[in-house]
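Asker: Take this structure first; my questions come after.
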Amino acid sequence: MRFSGRFSGRSADERSRGEQGFVLAVTALMMVPLLVFTAFAVDLGAWYGQGAKMQRAADAASLAGVVQLPSKVNAIAAVQASLAKNGFPYTCVAAPATGPCVISYPTGAGQQLNVALTTSATQYFSKIVMSSEVLHRDATSVYNLKIPLGSPSNVFGNDPTRAGAQPNLWGAINGPYSNHADGDAYSTHCGANNGGSATSCAGNTVNPTYRDTGYIWAVEVVAQASYSPVTVAIYDPSFGPNSTLSEGYSGGSTGFATSFEVFNATSSAAYNLSNANSLKTLGRCSPVSGGYKVFPSGDTTGQNAWYTLCTFTPTGPGIYPVQVKTSAIPTVTDSGTGFNAYSLRAVASAGTQPKLYALDDLSIWTPTPGSTAKFYLAEIGQQYAGHTLQVDLYDPGDGTAGSSPFTMQFLAPPAGVPSIVPTSGSTVNCDYNLTAAGYPTLDTNSGNCTIKTLNANSSSGIYNNGWLRVQIAIPVSYTCTTDCWWSVKYSFGSGSTPTDRTVWVVNVLGDPVHLTS
């Protein structure tokens, strides 16, 4: 077979040369979006890096500022200093003003502070299609303040001048050379089970937890339109054998000096116990010489009565610390054994009454025979939902039990309308160490968190010269508003003679300062 005719198509080379113009045109058209995508890819990566740097700076600034509250001036200064260290030397303003750095104070549990940063994004190629881009980053942190202990009112301890229910306890502090086993883990120099003389410890033992700062109480003044004078008073401030409180131990006490001092509120959450911040030094007390007093052993000043330590007019809201100590008192040599029991109150002449509670730890004495001591333990706000409440209790169970053992029960809110004595409480489950030797291992559980500290017909405490640790899981669903106080019901039973001198340390496990967003 033969083919006739000719093939008239173009050769491959000819076709290739003809298509080159088409490819060039398509490539030229694609260059525009390719350049745009490349520009965005480069700049977007830069924006992510710039935004991450802003976020780190906002986080650090928020954490630095929140601990300076309630002073907003100090908070803003701390925020600006932190930002400058991290490459953002901004001047911050308070919301609702606008600017590159805006600070706001969200309401809710604890002290909260938000830092919002705004800046122009760095542009390398994206200017081809957009004139500018703005980046925003912010951070909110919360500072859960020290946990108030012991009282939701303006009085702590028994008040013999007041009719009605009493909590059946007193504030207390031991002398600097008291027995280590006598209920105060911090105030005695001595580390052995028994103290030595009034100025030395048996065997020269050293208490590893000794501190010379004593105990701190808070007089919290809340914000109000105007501030009336506040009087801080002590019931029976001195150690004295003639006191109706029967201070001391059956083994004998040599007595010691006790000092009480009121300090000015600080502009941050931390309290300042320096001499320069004393209300006496500042001349803020009436009389001017007030605000600080040392009561020697046996001093009858204020014996079995209320003694006015200081009357001052607050200049704003805040915590005015009251320090009680028996060691490192200027011009007084550390000396003496036994303990000093007292009560405290802070009364405003008008307006909203201040609150008075213990800070860091609660040092008390519960001596009423055949009684039940009911008292407030700690104010645990709903921000602690899902956390663990931990109570460390030193040397509970002193005294002589009758036919019933000494038992203490920990109760969750509601504790009733805040007053001198809690009127109710909710049972909880807890874990604890069954004996002092087991501390801090939690080897026992109680469904209603009732713990025995002294066996019936016994005078040898289960936790003598040792610690009891209690842990309570706070439910995730835990809520409270005005009544967030946990309480303790300490039952001694009929025929008992309690002499329980104890120190309570309360913590919520977790970081008190943290970011929330």
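Asker: Looking only at strands (runs of 3 or more DSSP E) that lie completely in region 470-517, which have at least 3 residues being touching a residue at least 24 places away in the same chain (Cβ under 8 Å) and either more than 30 Å from S458 (Cα to Cα) or not assigned by TED's automatic domain parsing to the domain that holds G381 (or both)?
Answerer: Working: elements: 485-491, 500-508, 513-515.
Answer list for region 470-517: 513-515.
Asker: Is there any pair with a first residue in region 213-236 that is not assigned by TED's automatic domain parsing to the domain that holds D184 and a second that is among the small types (G, A, S) whose Cβ atoms are under 9 Å apart and which are 6 or more apart or on different chains, and what are they?
Answerer: none
Asker: Being farther than 21 Å from V294 by Cα and either polar (S, T, N, Q) or touching a Ser or Thr at 6+ places or on another chain (Cβ under 6 Å) (or both) is the filter here, so list the residues in region 196-226 that pass it.
Answerer: If the condition is that a residue be farther than 21 Å from V294 by Cα and either polar (S, T, N, Q) or touching a Ser or Thr at 6+ places or on another chain (Cβ under 6 Å) (or both), then S197, S200, N204, T205, N207, T209, V222, Q224, S226 are the ones that fit.
Asker: In the set V417, V391, which member is outside the structural domain of A192 (by TED's automatic domain parsing), out of contact with any helix residue (DSSP H, G or I) (no Cβ under 6 Å at 6 or more places or on another chain) and in a loop (DSSP other than H, G, I, E, B)?
Answerer: V417
Condition check ((1) among the small types (G, A, S); (2) crowded, with 22+ Cβ neighbours inside 10 Å; (3) modelled with pLDDT of 95 or more; (4) under 24 Å from the mean Cα position of the chain (by Cα)) across all residues:
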residue	(1), (2), (3), (4)
T372	no, no, no, no
A385	yes, no, no, yes
S403	yes, no, no, no
Q409	no, no, yes, yes
P414	no, no, no, yes
L434	no, no, yes, no
A437	yes, no, no, no
T453	no, yes, yes, no
S458	yes, no, yes, no
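Asker: Provide a single number: the residues in region 400-414 that are in a loop (DSSP other than H, G, I, E, B) and either among the small types (G, A, S) or farther than 9 Å from W486 by Cα (or both).
Answerer: The total comes to 5.
Asker: Right, another one. Criterion first (modelled with pLDDT under 70, assigned to a helix (DSSP H, G or I) and surrounded by 16 or more Cβ atoms within 10 Å (Cβ to Cβ)) does F40 satisfy it?
Answerer: Taking the combined requirement at face value, the residue satisfies it.
Asker: Hey, another quick one. Here are the criteria: (1) more than 24 Å from the chain's Cα centre (by Cα); (2) under 30 Å from S253 (Cα atoms). Tell me which single one A358 does not satisfy.
Answerer: (1)
Asker: Sticking with this one: Filtering region 109-125 down to residues that are in contact with a Ser or Thr (Cβ under 9 Å, 6 or more places away or on another chain) and at pLDDT below 80, which residue is surrounded by the fewest Cβ atoms within 10 Å (Cβ to Cβ)?
Answerer: That would be F125.
The values are calculated or read from the model by the stated rules, or taken from the named source; none is laboratory data. On a predicted model such as this, the values are computed, not experimentally measured, just so you know. Positions of Cβ are generated from backbone atoms using ideal geometry, with glycine treated the same way; all protein chains shown enter the neighbour counts.
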